[in-house]
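Notes follow the structure.
The values are calculated or read from the model by the stated rules, or taken from the named source; none is laboratory data. Bear in mind that the values here come from a model prediction, so they are computed numbers and not experimental data. Glycine gets a Cβ as well: all are built from the backbone with ideal geometry, and neighbour counts include every protein chain shown. In case anyone asks, the SASA skips ligands and DNA or RNA and just uses the protein heavy atoms, side chains included. Shrake-Rupley method; radii C 1.70, N 1.55, O 1.52, S 1.80 Å.
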Amino acid sequence: MQNNIITDFGPHPFIVDINRATIGNDTYRTAVWTGEYLQVTVMSIPVGDELGLEIHPDTDQFIRLEQGSGVAMMGNASNNLYIQQMVFEDDSVFVPAGTYHNIVNTGSTPIKLHTIYAPPHHPWGTIEMTKTVMQQNNNAQ
């Protein structure tokens, strides 16, 4: 699956080696599975780049790093990210709904992560090749 864009297989039953799908992903964000109550995406954050500060008012989020390292930040306001902790391969980050959060890649390889949103946060079939495309989409809304 290396360098291939996978499609959104939800809401149908689906089995995947999520580690392999995550490591093989080169897009900023691709939805792997979107159901009624849950969504899984894979992401690639280049060296020196970041997830981007965001908040999901009605969505809990689980993030797992499969490769890379960086700094995870969370807080109750965009200017109050009172949790700041180094994260590494195999670490998980739990983000409650309504929490500002960001992950900055401070390592020497891209961060490859997968994330679970409950309920889904992005439209079915989301593929964002780069963060710039994602930011342009958000600005158009």
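Placing dummy labels 7 Å off each Cα toward the beta-carbon, the span from Ile127 to Phe9 is 1.6 nm.
How large a share of the accessible area of the chain, in percent, is made up of carbon and sulfur atoms when the probe is 1.4 Å and the other protein chains stay in place? Percent of accessible area from carbon and sulfur atoms in the chain: 55. What does a probe at Phe94 reach in segment 58-88, counting residues whose amide N is under 12 Å from the point 7 Å along Cα→Cβ? Label zone hits: 61-63.
Determine how many Å³ per residue the convex hull of the Cα atoms of segment 23-71 encloses. Intermediate results must be reported in sequence, preceding the final value.
Working: hull volume 4.6 nm³, N = 49.
So the per-residue hull volume is 95 Å³.
Relative contact order for segment 1-138: what is it in percent, counting Cα pairs under 8 Å that are at least 6 residues apart? Here the relative contact order equals 32 percent. The modelled label-to-label distance for the pair Ala118/Val16, using points 7 Å beyond Cα in the direction of Cβ, is 1.8 nm. Projecting the Cα atoms of Thr99, Leu113, Thr59 onto the charge dipole of the chain (Cβ charges, centred on the Cα centre) puts Leu113 farthest toward the positive pole.
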